[in-house]
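Before any comments, here is the structure.
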Amino acid sequence: MIYLQFAIPIKFATFAAKKFSMAFLGLFGKKRDRLVPLSELGLTCDMHSHLIPNVDDGSKSIEDSITLIKGLHQMGYKKLILTPHFMTGFYNNTADGVREKLETLKTELARQSVDVDLNVAAEYYIDYDFMHDLSRKPMLTIHDKMLLFECSFTNQHRNFDETVFEMQINGYKPVLAHPERYLYWHNCHSLMQEFHDRGILFQINILSIIGGYSPSVRKMATWLIENDMCDFLGTDLHNASHLAAIKNTMIPERLLNKLKNSNLLNNSL
Ligand SMILES: [Fe+2]
């Protein structure tokens, strides 16, 4: 069950976020690695989260969704593009289905006077139906034909190149969700560079930077940022423990400076 991987490591994320500061400085002990708040980046748009209730492994109720959205709003996010999983056999979502749920959520937020711009897209798993639909029906995009997609965490998709090509010839801009989390690519730096050069945009999870998944995922996220391959930072928010870990996130100052000087696209959406 591939999606069990989402929930388990994140239970340790809050703990990891607190301990990361000491561990990082303990290991390197250099002034240039001092930690600074990620909020200094001024992100106002998040484009990856699972806050439509009861459609995937994210929020389990409208009340949970409202609480999580309020939490992001308090952190400075003004626009949220919600991206439920689309994965045949696990999460059989439809565009009409998630749009309908979005409207319910928007109504409740308006009733509670939460001033946040809410949109819905999708996080597509690259399976047969995804390939089939690409040329046959409009897909849910995060913005301007940008298509958020994810792969298996355990095995490289044998048709990965063909799938990306299919997206591109159908006019879409592929955005790979959390490239740092695919363990089989952790020793493939040149391949990651090649993917990026071929037009795949990369969305890195904030939790990855603070060690919320594993040290090797953090290392890969850091390498991608250091090498100018972070196009989006996403919360990939599923639940309250994610929110607690992401709140008050501190990251090494050199990474923050790198991100400030990069072409992060979040706030352009
Ligand atoms: Fe996700």
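The values are calculated or read from the model by the stated rules, or taken from the named source; none is laboratory data. For clarity, every value in this text was computed on a predicted model and none was experimentally measured. Neighbour counts run over all protein chains shown; Cβ positions are idealised from the backbone, glycine included. What goes into the accessible areas is simple: the full protein's heavy atoms, side chains included, and nothing from ligands, DNA or RNA. Shrake-Rupley method; radii C 1.70, N 1.55, O 1.52, S 1.80 Å.
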- request: Being part of a helix (DSSP H, G or I), open to solvent by less than 10 Å² (accessible area, probe 1.4 Å) and of a type outside the set (Val, Ile, Thr) is the filter here, so list the residues in the stretch 159-181 that pass it.
  value: Phe160, Met167, Pro179, Glu180
task: Could you grab me the full set of residues in the stretch 223-237 that are of a type outside the set (Gly, Ala, Ser) and crowded, with 20+ Cβ neighbours inside 10 Å?
output: Leu224, Ile225, Met229, Cys230, Asp231, Phe232, Leu233, Thr235, Asp236, Leu237
task: May I ask you to list pairs of residues, at least six apart or on different chains, whose Cβ atoms are under 7 Å apart, with the first in the stretch 47-65 being among the acidic types (Asp, Glu) and the second being assigned to a helix (DSSP H, G or I) and modelled with pLDDT under 95?
output: Asp57/Phe6; Asp57/Ala7
query: Going through the stretch 80-97 one residue at a time, which ones are away from the ligand (no atom under 14 Å from the Cβ) and surrounded by 13 or more Cβ atoms within 10 Å (Cβ to Cβ)?
result: Thr88, Ala95, Gly97
- prompt: Can you tell me which of Gly199, Gly212 is more than 14 Å from the ligand (Cβ to nearest atom) and of a type outside the set (A, V, I, L, M, F, W, C)?
  reply: Gly199
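Conditions tested, residue by residue: (1) more than 15 Å from the ligand (Cβ to nearest atom); (2) over 16 Å from Leu80 (Cβ atoms).
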position	(1), (2)
Leu207	no, yes
Glu226	yes, yes
Thr235	no, no
Leu243	no, no
Glu253	yes, yes
- line: Taking the stretch 90-120 and keeping only residues that are within 13 Å of Val55 (Cβ to Cβ) and assigned to a loop (DSSP other than H, G, I, E, B), one is left with Phe90, Asn92, Asn93, Thr94
query: Quick check: anything in the stretch 192-199 open to solvent by 50 Å² or more (accessible area, probe 1.4 Å) and at pLDDT below 95?
result: no
- request: Could you list, in sequence order, all residues of the stretch 216-260 that are part of a loop (DSSP other than H, G, I, E, B), at pLDDT 95 or above and under 24 Å from Lys79 (Cβ atoms)?
  value: Met229, Cys230, Asp231, Thr235, Asp236, His238, Asn239
query: Among (1) of a type in the set (Ser, Thr, Tyr); (2) outside any helix (DSSP H, G or I); (3) over 17 Å from the mean Cα position of the chain (by Cα), which single condition is Tyr213 missing?
result: (3)
